[in-house]
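Written out below as structure tokens is the structure these notes cover.
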Amino acid sequence: MKTRYYLLGIALCSVTGLGLTSCDNDEFLDVIAYDVVDEAASYESRANAKKALNGVYDMVFPNDTYDGDWGFKPNLFTGCHPTIDTQATGWDKNWNVQAWNPNSSELLAGWKHVYAGICRANDFLEKLKEYPEDVVGADTKKYLEAEGRCLRGFFYHWLATTFGRVPMLATGENGANTPEKARAATYTEMWDFIIEDFTEANKLFGDKWTPMDNEYGRCTKGMALAYLGDAYMWKAYRMGEGSNGIAPHEGNTDNIEGCYQKARDCFKQILDSHTYKLNESFTTLWDPASAWGPETIWCEQLDEGNNWGKWDNLTSKLMLKWYTACPENGGWGSLYLSWEWYSCYEKGDKRRAGSCYTGAVPQINPDDPAYDPQYEGWIEPAVYGVNPYLQEVLGKGGAGTATKQFHFNNGEWAPAIWSSKMWRTASADYKSWGDGHWSPTPIYWKRLPNVMLDYAECCFRLGQPAEGWKQINELRNRAFGKLEDGKEAALTSKYLPYYNSFAEWVGRTEWTQEQINDSVAAGVSIATFAGGPFIKTRTEYPIPFGSNGAVVEDAETYYTRYAAAKGFTKPVWQVAVNTERRKEFNCEWCLRPDMQKSGFMAEHVAVNYPKRSVDDLKDVPWTNRDYDYNDLKMDMPIPEDEIIKNPLCDQNEAYRN
């Protein structure tokens, strides 16, 4: 276990300008150099004291030591695939059918990665006690402790929401001096440890909401409160229906309602601070011009910097476009989106067009509402058979191409829908091996909608439904483009230039007639090409701004009807909150944890993915679920490597022999 960790210590590289964030900063690409400080020098100045924490920040990003995939694997597999809303082929498909096991390499890689971060945080917090305040400054020392606690809490949050109970290493403990440790005896004990970190961090930040020295990429009060509220919700879940047979800690004095009240208070502080606001357009959240936008609370901002085209620099995450792109466009097939997810949207909800591209499937007839009522006779032309951001047709072949059917056959069947959240700013096909792959990608851990929906859930549970529905209605207004109305010109001016520059950069000044013919043959309307929207001088954003008169039905009215039609047994508010999470957070690693802590996962799988026997998937859109969902398995197995090396650590119930 932790005896095998290679701990670099405190003298590490600066990530200022590369990393985590809570606000806007237009100069996020300026810093490409790394600063190194000797451990002893960290005592000598305020600047060096700040740099000493960078070794902990460094573990928020992927690196070569632990397979280099942190931020995508295992996060996609543990945070999204169990919902079945995201899917995969090859050996990755096990993550859609609860077939992960103690020897799953992704679990071990994530376990090692975050424990390395925790050990670094513990070493830093121990050394920080000795920092002379007259040299580093009293406020700086407070903020550094707050950030160190936030980072440790962040790493533990992933462990706790993925594995359930885990060993809790405290300040000063690391792999060298604590090679063996038992898991927390109860969920409550574990969550109280995490709650204490975020509680103390919040106190240490005081009334300051902006990051220290306005260096966006640092932990903030907003991040501490968002995770503190989240932790209280998890504690409440574990004290009740999510206890998995383990009794609450005997010394616990908080009841479940008290936890939700404390969580609600955390979220209300964030909302009342007005530090954050929704981006006017959901469709722009993964654009380079949206980096560290106003709704971002905690984000892993990945950027190639000056390492374009280098396979050995996994920190730049060049892999993302290959992991997430359509295989016929050069991708590898780790990420697909289900037709069940696709069909859960109402007509006019722009979050769907801002989240995916579909194959050109002839069976979908948008003029025939009788095909399936869930489609409501509506298909989004901007993303049907085409990636409008990169100006690429999906698929290379003729009528038989795999993108021209409901399920793409890439060894196993998977839905012919691909995420635009990560395959957006870099082609996986066109000049992908040269200099045309720059793709600064945000991995959102917490943004304002997370807080709004968590706050809404707490309000519902505490008997304040009007406030809960208010939050959902605000999100739905943004989803239908109502915040874009009247701002179309300003939004176009901000977000369109990148895509025109991209087209010029890669030499795609315009499509050839052959490409247009192929696109039309794939089902894209010829009207799409009127006025030349697919040339470098486009005048309109790929998903045009504005609501176009879309009507937003009241959330309570809509979801009352929706829940009844689908056959849910959970309260309407629970269906509403979690369906909004599906629409808002697909391909974001909070989706499974948020639905699980809400007690909705089992019902979600049963209702949205009923067991089916499907003989020919290419002719029907739906997923063939052939396994029985087991809630116990949502506490994923402690890696076998850990069980062997740490004899004090036992295995989760669902994976014991």
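Taking segment 559-605 on its own, how many of its residues are among the hydroxyl-bearing types (Ser, Thr, Tyr), farther than 19 Å from SER343 by Cα and part of a helix (DSSP H, G or I)? Steps first, please.
Initially, segment 559-605 is screened for residues among the hydroxyl-bearing types (Ser, Thr, Tyr), giving 559-560, 562, 569, 579, 598.
So of that shortlist, the ones also farther than 19 Å from SER343 by Cα come out as 569, 598.
Remaining after also requiring part of a helix (DSSP H, G or I): none.
Of the residues in that region, 0 qualify.
Criterion first (open to solvent by 20 Å² or more (accessible area, probe 1.4 Å) and part of a loop (DSSP other than H, G, I, E, B)) does LYS277 satisfy it?
On the way: open to solvent by 20 Å² or more (accessible area, probe 1.4 Å): yes; part of a loop (DSSP other than H, G, I, E, B): yes.
Here the answer is yes, as LYS277 does meet what is asked.
So which of TYR345, TYR375, TYR389, TYR357 is more than 20 Å from PHE77 (Cα to Cα), among the aromatic types (Phe, Trp, Tyr) and modelled with pLDDT under 80? Break it down into steps so the answer makes sense when it comes.
Details: TYR345 fails: modelled with pLDDT under 80; TYR389 fails: modelled with pLDDT under 80; TYR357 fails: modelled with pLDDT under 80.
Exactly one residue qualifies, and that residue is TYR375.
Quick one: which of ILE297, ILE270 is at pLDDT 85 or above, among the β-branched types (Val, Ile, Thr), more than 22 Å from TRP418 (Cβ to Cβ) and in a helix (DSSP H, G or I)?
Details: ILE297 fails: in a helix (DSSP H, G or I).
Matching residue, one of ILE297, ILE270: ILE270.
Look at MET595 and say whether it is touching a Ser or Thr at 6+ places or on another chain (Cβ under 7 Å) and over 30 Å from TYR498 (Cβ atoms). Let's see the steps before the verdict.
Working: touching a Ser or Thr at 6+ places or on another chain (Cβ under 7 Å): yes; over 30 Å from TYR498 (Cβ atoms): yes.
So MET595 passes the test.
Tell me which residues, restricted to segment 179-207, are under 22 Å from ALA52 (Cα atoms) and touching a Ser or Thr at 6+ places or on another chain (Cβ under 8 Å).
Across segment 179-207, the qualifying residue is only PHE205.
Is at least one residue of segment 548-555 modelled with pLDDT of 95 or more, surrounded by fewer than 18 Cβ atoms within 10 Å (Cβ to Cβ) and in contact with a helix residue (DSSP H, G or I) (Cβ under 6 Å, 6 or more places away or on another chain)? Please lay out each step first, then the result.
We begin by selecting, within segment 548-555, every residue modelled with pLDDT of 95 or more; these are 552-555.
Checking which are surrounded by fewer than 18 Cβ atoms within 10 Å (Cβ to Cβ) leaves us with 553-554.
Keeping just the survivors that are in contact with a helix residue (DSSP H, G or I) (Cβ under 6 Å, 6 or more places away or on another chain) gives none.
Within segment 548-555 (the criterion being modelled with pLDDT of 95 or more, surrounded by fewer than 18 Cβ atoms within 10 Å (Cβ to Cβ) and in contact with a helix residue (DSSP H, G or I) (Cβ under 6 Å, 6 or more places away or on another chain)), the answer is no, since none of the residues qualifies.
Restrict the check to segment 197-206 and report whether at least one residue is within 30 Å of PRO167 (Cβ to Cβ), touching a helix residue (DSSP H, G or I) at 6+ places or on another chain (Cβ under 9 Å), open to solvent by less than 10 Å² (accessible area, probe 1.4 Å) and not small (Gly, Ala, Ser). Spell out the reasoning first.
First pass over segment 197-206, keeping only residues within 30 Å of PRO167 (Cβ to Cβ): 197-205.
Narrowing further to those that are touching a helix residue (DSSP H, G or I) at 6+ places or on another chain (Cβ under 9 Å): 197-205.
Restricting the remaining residues to those that are open to solvent by less than 10 Å² (accessible area, probe 1.4 Å) gives 197-198, 201.
Next, from what is left, pick out any that are not small (Gly, Ala, Ser): 197-198.
Scanning segment 197-206, I find at least one residue that is within 30 Å of PRO167 (Cβ to Cβ), touching a helix residue (DSSP H, G or I) at 6+ places or on another chain (Cβ under 9 Å), open to solvent by less than 10 Å² (accessible area, probe 1.4 Å) and not small (Gly, Ala, Ser), so the answer is yes.
Among the candidates ASN313, ASN255, single out the residue that is at pLDDT 85 or above, of a type outside the set (Val, Ile, Thr) and open to solvent by 20 Å² or more (accessible area, probe 1.4 Å). I'd like the intermediate steps shown before the answer.
On the way: ASN313 fails: at pLDDT 85 or above.
Among ASN313, ASN255, only ASN255 is at pLDDT 85 or above, of a type outside the set (Val, Ile, Thr) and open to solvent by 20 Å² or more (accessible area, probe 1.4 Å).
Among (1) modelled with pLDDT under 95; (2) within 22 Å of TYR57 (Cβ to Cβ), there is one condition GLU133 misses while meeting the rest; what is its number?
The failed condition is (2).
Going by what's in this entry, would TYR629 be described as open to solvent by less than 50 Å² (accessible area, probe 1.4 Å), touching a residue at least 24 places away in the same chain (Cβ under 8 Å), more than 20 Å from GLU346 (Cα to Cα) and touching a helix residue (DSSP H, G or I) at 6+ places or on another chain (Cβ under 7 Å)?
Values: open to solvent by less than 50 Å² (accessible area, probe 1.4 Å): yes; touching a residue at least 24 places away in the same chain (Cβ under 8 Å): yes; more than 20 Å from GLU346 (Cα to Cα): yes; touching a helix residue (DSSP H, G or I) at 6+ places or on another chain (Cβ under 7 Å): yes.
Spelling it out, TYR629 is indeed open to solvent by less than 50 Å² (accessible area, probe 1.4 Å), touching a residue at least 24 places away in the same chain (Cβ under 8 Å), more than 20 Å from GLU346 (Cα to Cα) and touching a helix residue (DSSP H, G or I) at 6+ places or on another chain (Cβ under 7 Å).
What residue, among those in segment 606-620 that are under 30 Å from THR162 (Cα atoms) and outside any helix (DSSP H, G or I), is least open to solvent (accessible area, probe 1.4 Å)?
Applying the first criterion (under 30 Å from THR162 (Cα atoms)) to segment 606-620 yields 606-612.
Subsequent filtering for residues that are outside any helix (DSSP H, G or I) retains 609-612.
Values: TYR609: 0, PRO610: 41, LYS611: 106, ARG612: 77 Å².
For segment 606-620, the residue satisfying everything is TYR609.
Select from segment 632-657 the residues that are buried (at least 16 other Cβ atoms within 10 Å of the Cβ) and among the acidic types (Asp, Glu) and list them in ascending order.
ASP635, GLU640, ASP641, GLU642
Within the group TRP292, TRP308, which residue is closer than 30 Å to TYR499 by Cβ, at pLDDT below 95 and open to solvent by 30 Å² or more (accessible area, probe 1.4 Å)?
Numbers: TRP292 fails: open to solvent by 30 Å² or more (accessible area, probe 1.4 Å).
Matching residue, one of TRP292, TRP308: TRP308.
Can you tell me which residue among LYS142, LYS112 is part of a helix (DSSP H, G or I), over 28 Å from CYS590 (Cα atoms) and out of contact with any Cys (no Cβ under 9 Å at 6 or more places or on another chain)?
Numbers: LYS112 fails: over 28 Å from CYS590 (Cα atoms).
Result: LYS142 is the single residue among LYS142, LYS112 that is part of a helix (DSSP H, G or I), over 28 Å from CYS590 (Cα atoms) and out of contact with any Cys (no Cβ under 9 Å at 6 or more places or on another chain).
Scan segment 157-186 for residues that are open to solvent by 10 Å² or more (accessible area, probe 1.4 Å) and assigned to a helix (DSSP H, G or I) and jot them down.
Hits for segment 157-186 are HIS157, TRP158.
Can you find a residue in segment 67-84 that is within 20 Å of TYR444 (Cβ to Cβ), open to solvent by less than 10 Å² (accessible area, probe 1.4 Å) and touching a Cys at 6+ places or on another chain (Cβ under 7 Å)?
yes
Please count how many residues of segment 126-156 are open to solvent by 10 Å² or more (accessible area, probe 1.4 Å) and in contact with a strand residue (DSSP E or B) (Cβ under 9 Å, 6 or more places away or on another chain).
Count: 1.
The values are calculated or read from the model by the stated rules, or taken from the named source; none is laboratory data. Given the structure is predicted, the values throughout are model-derived calculations rather than measurements. Here Cβ is always computed from backbone atoms with ideal geometry, including for glycine, and neighbour counts include all displayed protein chains. What goes into the accessible areas is simple: the full protein's heavy atoms, side chains included, and nothing from ligands, DNA or RNA. Shrake-Rupley method; radii C 1.70, N 1.55, O 1.52, S 1.80 Å.
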